[in-house]
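**Student:** Sharing a structure here in structure tokens format.
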Amino acid sequence: MILIVDDTPENLISLKKVLEKHNFEVDTASSGEEALKKVLKNSYVLIILDVQMPGMDGFEVAEAISGYSKAKETAIIFLSAANTEFKFIAKGYSSGGLDYITKPVDMNILLLKVQTFYRIYDQNRKLNEMQKTLLEEIEFRKEAERKKDEFISIASHELKTPLTSVKGYVQLLERSVNKGDTETVKKHLGKAQMQLEKLNSLIADLLDISKIESGKMKFNKQDFCVDTLVDNVIEVMHQSNPEFKIVKKGNAGCTVHGDEMRIEQVIVNFLTNAIKYSPGTNEIQLTINVKDNQLYVAVKDYGIGMLPEQLHHVFDKFYRVEETSQRFQGLGIGLYISSEIIKRHGGQVGVNSAYGEGSEFYFLMPTNLQTEV
Ligand code: ADP
């Protein structure tokens, strides 16, 4: 929009008419004071400013405007008598473009200048937008790079821990074997095996991430009995975490079409997290049912819970709740993989949680979707 500032009403009217005829949006002010008020309220591309006005003159208005952040990009065309001294204008106003036209105004020249300033304004706006997008892109990449570095350091640490344990147990095994102490050999073998399984599942998760990234995660979908799957998972989880009671509520009562091992992976992930993030508690609920051909599985714990702003991110890749990441080991990829698996079965994952009270992770998926998603 253009603001014309002139104390002579006839000038205002005629300038406005010409500019509007050329499709420019125009506002007017009949004094310097009124102009300042308007500039504070609105954004103008250009101000056409009469130099000689009673009260505040055009130069004073320009100088005052130079302090407004709102008018940083605004250009000014001064209208003045031919003999006006111009050299001190620049000192007052240096941010937007400046130009002048002597009175009586040659409308063609004025229009040319207005069009030029509009073009510059447009180009500036586009440049600013481009710069903003570029800066955002740089920030995004920096953040991704930072996350990746952090992930590599966590992953190496997580892989090293079970590996060091296995090395230790193998050394102990050697001694026990030499002594012929079969009982201790069995104990150490069992422990080494547990650590190897941990290592195996960490590496499997890492491989899953790269498969998801490259679009190479394949599914072997068949009909399977989801109730049997859930019962088996609960039994195995209970064996390795005997202190936890896992209470099953409901039944699917039908087969589900999907990749059984991948669905098992999701349920195991929910249960493992429920146990991991609920120290000092001993019960977990698993609810399962089917309504309108939709399988619903939810795992509820009474553990540390999460804050509302954290819930938005739990299914993001590499996300771990900052405050608790030191206390609990993890890579921050299990839930991301789970959500990808469920999405590829045409379903969705979700979470309800209250800080300090516990969380409930669930998924919904069609029981009979035959096609690839
Ligand atoms: P990991 O547990 O390896 O860090 P996940 O992707 O499984 O990775 O989980 C991401 C984050 O979500 C966890 O780091 C944790 O902060 C939070 N989280 C997941 N499950 C729970 C839960 N049951 N209770 C509280 N926080 C959880």
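**Student:** Under 21 Å from V266 (Cα atoms) and open to solvent by less than 80 Å² (accessible area, probe 1.4 Å): does that describe A204?
**Tutor:** Numbers: under 21 Å from V266 (Cα atoms): yes; open to solvent by less than 80 Å² (accessible area, probe 1.4 Å): yes.
In short, yes.
**Student:** List the pairs whose first member sits in the stretch 65-92 and is at pLDDT 75 or above, whose second member is of a type in the set (D, E) and buried (at least 20 other Cβ atoms within 10 Å of the Cβ), and whose Cβ atoms are under 6 Å apart, counting only residues at least 6 apart or on separate chains?
**Tutor:** Here the result reads L79/D50, each pair linking the stretch 65-92 to a residue that is of a type in the set (D, E) and buried (at least 20 other Cβ atoms within 10 Å of the Cβ).
**Student:** Follow-up question, since we're still on this one. Go through I212, I203, I234 for me and flag whichever is part of a helix (DSSP H, G or I) and within 23 Å of the chain's Cα centre (by Cα). Break it down into steps so the answer makes sense when it comes.
**Tutor:** On the way: I203 fails: within 23 Å of the chain's Cα centre (by Cα); I234 fails: within 23 Å of the chain's Cα centre (by Cα).
Sole residue among the options that is part of a helix (DSSP H, G or I) and within 23 Å of the chain's Cα centre (by Cα): I212.
**Student:** Suppose we keep only residues that are part of a loop (DSSP other than H, G, I, E, B) and crowded, with 20+ Cβ neighbours inside 10 Å within the stretch 345-366. Which one would you say is farthest from the chain's Cα centre (by Cα)?
**Tutor:** Among those that are part of a loop (DSSP other than H, G, I, E, B) and crowded, with 20+ Cβ neighbours inside 10 Å, it is H345.
**Student:** So if I check each of N269, N220, which one is in a loop (DSSP other than H, G, I, E, B) and either crowded, with 18+ Cβ neighbours inside 10 Å or in contact (Cβ under 8 Å) with a residue 40 or more places away in the chain (or both)?
**Tutor:** On inspection, the qualifying residue turns out to be N220.
**Student:** Would you tally the residues in the stretch 286-304 being open to solvent by 30 Å² or more (accessible area, probe 1.4 Å) and within 12 Å of the ligand (Cβ to nearest atom)? Talk me through it step by step, then tell me what you get.
**Tutor:** First, the residues of the stretch 286-304 that are open to solvent by 30 Å² or more (accessible area, probe 1.4 Å): 287, 289-294, 296, 300, 302, 304.
Going one step further and asking which of them are within 12 Å of the ligand (Cβ to nearest atom), we end up with 300, 302, 304.
Number of matching residues: 3.
**Student:** Here is a further query. Here are the criteria: (1) touching a His at 6+ places or on another chain (Cβ under 7 Å); (2) among the small types (G, A, S); (3) exposed (fewer than 12 other Cβ atoms within 10 Å of the Cβ). Tell me which single one S153 does not satisfy.
**Tutor:** Condition not satisfied by S153: (1).
**Student:** Exactly one of (1) outside any loop (DSSP other than H, G, I, E, B); (2) surrounded by 13 or more Cβ atoms within 10 Å (Cβ to Cβ) is unmet by S278. Its number?
**Tutor:** (1)
**Student:** Follow-up question, since we're still on this one. Scan the stretch 307-326 residue by residue and report those that are within 8 Å of the ligand (Cβ to nearest atom), in a loop (DSSP other than H, G, I, E, B) and over 18 Å from the mean Cα position of the chain (by Cα).
**Tutor:** S325, the sole residue that qualifies.
**Student:** Of everything in the stretch 253-283, what is more than 9 Å from the ligand (Cβ to nearest atom), under 31 Å from the mean Cα position of the chain (by Cα) and not small (G, A, S)? Give them in sequence order.
**Tutor:** If the condition is that a residue be more than 9 Å from the ligand (Cβ to nearest atom), under 31 Å from the mean Cα position of the chain (by Cα) and not small (G, A, S), then D259, M261, R262, I263, E264, Q265, V266, I267, V268, L271, P279 are the ones that fit.
**Student:** Just the residues that are closer than 22 Å to L331 by Cβ and of a type in the set (A, V, I, L, M), please, taken from the stretch 150-191.
**Tutor:** I152, I154, A155, L159, L163, V166
**Student:** Every residue in the stretch 325-373 that is over 21 Å from L286 (Cβ atoms) and among the hydroxyl-bearing types (S, T, Y), please.
**Tutor:** Hits for the stretch 325-373 are S325, Y336, Y355, T371.
**Student:** May I pose another question? Do the conditions hold for L49, that is, is it out of contact with any Ser or Thr (no Cβ under 7 Å at 6 or more places or on another chain), crowded, with 22+ Cβ neighbours inside 10 Å and either closer than 11 Å to L3 by Cα or at pLDDT 95 or above (or both)?
**Tutor:** Considered against the rule, which asks whether it is out of contact with any Ser or Thr (no Cβ under 7 Å at 6 or more places or on another chain), crowded, with 22+ Cβ neighbours inside 10 Å and either closer than 11 Å to L3 by Cα or at pLDDT 95 or above (or both), L49 comes out as yes.
**Student:** Quick one: count up the residues across the stretch 1-29 that are polar (S, T, N, Q) and more than 17 Å from I76 (Cβ to Cβ).
**Tutor:** Total satisfying the criteria: 3.
The values are calculated or read from the model by the stated rules, or taken from the named source; none is laboratory data. Just so it is clear, the model here is predicted, and its values are computed rather than measured. Neighbour counts run over all protein chains shown; Cβ positions are idealised from the backbone, glycine included. Side chains included, ligands, DNA and RNA excluded: accessible areas come from the protein's heavy atoms. Shrake-Rupley method; radii C 1.70, N 1.55, O 1.52, S 1.80 Å.
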